[in-house]
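Below is one structure, written out as structure tokens; comments come after it.
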Amino acid sequence: MVPAPRSIPIRSCIACRNRENWTELLHLVEIDGQVIPDPDRKLDGRGAWLHRRCFDVAVQRRSFSRAFKSEKDLSTEKLEQFLSESH
Ligand SMILES: [Zn+2]
């Protein structure tokens, strides 16, 4: 039995805005003012998608606050830690 072809969801990176197959992007959620990496896409909450390589651009452009519609700057400490450990 041949599985039916399934379309792969496309998401936009919050930093460069390029549309991408979501397997190429890292899922992020915002919890209590912190940007939390969610590589397994298990967490609830408002989600955003980012290329790992676009982290610096996202910081420069304040893309996180925009993506999560937050008025204050969000902490990216957890995300930075995740990215540095996953190299
Ligand atoms: Zn990007």
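General observations
- Stokes-Einstein D in µm²/s, Kirkwood radius over Cα pairs - the stretch 10-85 at 25 °C with 0.890 mPa s viscosity: 203 µm²/s
- For the stretch 11-29, backbone nitrogen atoms closer than 14 Å to the point 7 Å from Lys69 Cα along Cα-to-C-beta are found at no residue.
- The helix-based estimate of mean residue ellipticity at 222 nm for the chain, built from -39,500 (n - 2.57) per DSSP H run of four or more residues and divided by its residue count, is -5500 deg cm²/dmol to the nearest 500.
- Added length on full extension, which subtracts the Cα-Cα distance from 0.36 nm per residue, Arg17 to Asp32: 2.9 nm
- Mean separation of Cα pairs under 8 Å and 6 or more residues apart, divided by the residue count, gives the chain a relative contact order of 28 percent.
- FRET E, pair Arg61, Glu24, Förster distance 25 Å, beta-carbon r, rounded to 0.05: 0.80
Bear in mind that the values in this text are calculations on the coordinates, not laboratory data. A quick note: this is a predicted structure, and the numbers were derived from the prediction, not measured. We place every Cβ from the backbone using ideal geometry, glycine too, and count neighbours over all the protein chains shown.
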